[in-house]
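Read-outs: derived from the displayed coordinates by stated rules, not from any lab. The model shown is predicted, which means the values in this text are computed figures rather than measured ones. Methodologically, a virtual Cβ is constructed for each residue, glycine included, from the backbone with ideal geometry; neighbour enumeration extends over all protein chains shown.
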Amino acid sequence: MAIVWSLADDAPRYYLVPFTRDSGAVAIAWVYLRDDGRPKAGSWTLGAADLTAWRRPSLADAEGALRNAGYRDGNWTARWVEMNSEQPIGPYFWEFEKEAGEKVYVGYDRYDDQVRVYTTVTPKTKAGG
């Protein structure tokens with residue numbers, strides 16, 4: 001289970017709850033959160049794209065990518081976030097924040113099958129507006 005934060009308003013939005021069989025996710029449930037933090041109605045999916053997004057990369061792989069990109073100093077905290085971004089790592093990815101406020105984003109690029117590190121993410125704009 002993972003809590004997912006919205007980068008748009010920096011608030012917890014929902015929990016992702018995997019249903020597993022033979023150590024693999026077979027479905028994902030969303031339990032949405034009200035503004036006061038209480039749960040409200042949820043939904044679920046069997047969609048392959050949603051299952052691929054489940055915690056990919058893992059926290060350990062994301063931390064490794066962060067180190068490999070040269071971010072070795074200081075204490076970094078991580079949280080699982082959601083945003084449809086111009087970068088090909090969304091909608092779910094890791095946000096790492098250093099004590100001084102520096103932020104770095106690590107996610108899985110499903111098009112190139114690689115874990116990527118970005119210093120910024122840009123919200124995707126809708127076509128025509």
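Observations on the model:
- Dipole moment magnitude, nearest 20 debye, the chain about Cα centre, only Lys, Arg, Asp, Glu C-beta charged: 300
- Label zone at Glu86, where the point sits 7 Å out along the Cα-to-Cβ direction: the range 1-28 residues whose backbone N lies under 19 Å: 7-9
- Overall form of the chain per C-alpha gyration tensor (a/c, 1.5; a/b vs b/c): rounded
- Over the range 1-108, relative contact order from alpha-carbon pairs under 8 Å, at least 6 apart, %: 20
- Sparsely packed chymotrypsin sites (Phe, Trp or Tyr not before Pro) within the range 58-115, loop by DSSP, other Cβ within 10 Å at most 16: Tyr111
- Leading residue at positive end of dipole, the chain (Cβ point charges), from Val115, Ala11, Tyr71: Ala11
- Segment Gln114-Val26, length gained on full extension (0.36 nm per residue, minus Cα span): 29.4 nm
- Nearest-ten-degree value, helix 59-68 long axis tilted from longest Cα axis of the chain: 20
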